[in-house]
Amino acid sequence: MRVRVTKEFLLSVEKNVTCRRPACRIDSSQVDVNRDSVLIISDHSVFMNGPVKGGPCITVEIKPKCGFLPISRFIAEENAVKRTLSRFKMHQELKLHNQEISEYSEYNPLDLFSGSLDRICKAIEALYATPQNNFRVFLNGSIVFGGLGGGAGSTTVLVGEAFEDSLKDVIKADDGMCKTSFIQLVAETVYSSGVLDQLLEVQKLDAYDIEGAIHAYYNIISQPCMVCRELSKDKLSNRHTSLHSIPLEESLKIVKDYLISATVKDCSLMISFRPMVDGDVLSESSHSTVYLGSTKQVFEYKVYFIDLDLKPLKKMEDYYKLDKKIVNCYCQMAKTEHKR
């Protein structure tokens with residue numbers, strides 16, 4: 001919903017959000033205080049029509065990241081590791097090297113997207129163990145687990161105990177078992193809903209990988225291809241040069257599909273749960289339901305994707321450079337480990 005606002009209001013918003021952002025992201029964007037209107041957007045950490053009979057609502061936010069391995073023929077031989085290791089795993093090495101994270105996460109997006117309940121559960125346990133900025137939990141709209149705006153390191157015993165305590169009104173499990181049951185609830189919902197199947201389908205629009213799509217990008221902006229210029233003659237194959245002779249419409253489709261894919265590789269999934277109590281009628285619920293066997297509870301749930309603003313065209317060169325950095329850093333680290 002679009003509403004009119006004053007400059008004073010936007011200045012106060014900017015002040016409030018700046019103090020909640022991690023230091024590394026404060027300068028990346030600012031509130032445009034000269035605008036005269038804003039969008040009010042739904043809060044997907046709660047149910048829109050309020051809690052059932054005053055009952056609690058628990059919401060998990062997950063950044064699934066890229067759920068498949070690329071098979072594009074445009075991937076250079078020296079970058080073949082991209083075909084066997086998840087982008088997330090390799091990017092962890094670069095982030096660790098740049099001190100953007102303090103420790104390595106064992107999370108593997110390929111587990112979350114696998115369609116196997118056991119592997120989905122393993123993925124969510126790994127996200128819980130090291131949330132970074134990929135896993136957060138809200139209780140009645142307030143964050144109770146994970147970093148707000150930034151990232152969170154490994155989950156300590158104290159943090160785990162506090163989270164366990166916050167779940168007691170929602171998950172009717174034995175003492176010390178609420179967290180385990182909650183992870184089972186999330187895993188069962190991801191598995192049975194099939195919601196990630198839709199996401200994966202859109203992610204796979206990236207059929208060319210950035211190593212192919214970047215050539216189509218230079219076709220669109222009508223400039224000499226900087227990538228072809230960088231590649232030595234022995235590495236510049238007919239595959240690359242052939243991309244510069246395709247129709248403009250085809251180049252546009254390649255880049256558009258790549259940017260749509262990049263958007264959903266970086267979006268967040270929000271799943272909200274509220275327990276159904278005696279007297280609630282399943283047939284009257286407008287939401288899907290899931291059964292948690294360990295506590296014999298039935299939960300209503302709803303699923304939303306957020307952060308779906310399409311990535312801009314001008315980011316293409318940045319994506320290509322980042323891809324090179326990720327692969328080079330991982331390969332360098334792997335060589336160092338091998339020498340040891």
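Of the helices (runs of 4 or more DSSP H) lying entirely inside region 178-245, those containing at least 3 residues that are farther than 26 Å from Arg73 by Cβ are 178-193, 195-203.
Restricted to helices (runs of 4 or more DSSP H) entirely inside region 52-148, those with at least 3 residues that are modelled with pLDDT of 95 or more and surrounded by fewer than 17 Cβ atoms within 10 Å (Cβ to Cβ) are 117-129. Among the residues of region 235-246, none qualifies, meaning not one is modelled with pLDDT of 95 or more, open to solvent by 50 Å² or more (accessible area, probe 1.4 Å) and charged (D, E, K, R).
Against the list (1) surrounded by fewer than 17 Cβ atoms within 10 Å (Cβ to Cβ); (2) at pLDDT below 90; (3) not hydrophobic (A, V, I, L, M, F, W, C), the condition Lys296 fails is (2). Screening Lys315 on (1) at pLDDT 95 or above; (2) loosely packed, with under 15 Cβ neighbours inside 10 Å; (3) charged (D, E, K, R); (4) assigned to a loop (DSSP other than H, G, I, E, B) shows it passes everything except condition (4). Per the conditions (1) among the acidic types (Asp, Glu); (2) open to solvent by less than 30 Å² (accessible area, probe 1.4 Å); (3) not in a helix (DSSP H, G or I), the sole criterion not satisfied by Asp169 is (2). Kindly evaluate Phe47 against the criterion of being part of a loop (DSSP other than H, G, I, E, B) and surrounded by 14 or more Cβ atoms within 10 Å (Cβ to Cβ). In short, yes.
The values are calculated or read from the model by the stated rules, or taken from the named source; none is laboratory data. Note that this is a predicted model, so its numbers are computed, not measured. Cβ: placed from backbone, ideal geometry, glycine included. Neighbour counts: every protein chain shown. These accessible areas exclude ligands, DNA and RNA; they are computed on the full protein's heavy atoms, side chains included. Shrake-Rupley method; radii C 1.70, N 1.55, O 1.52, S 1.80 Å.
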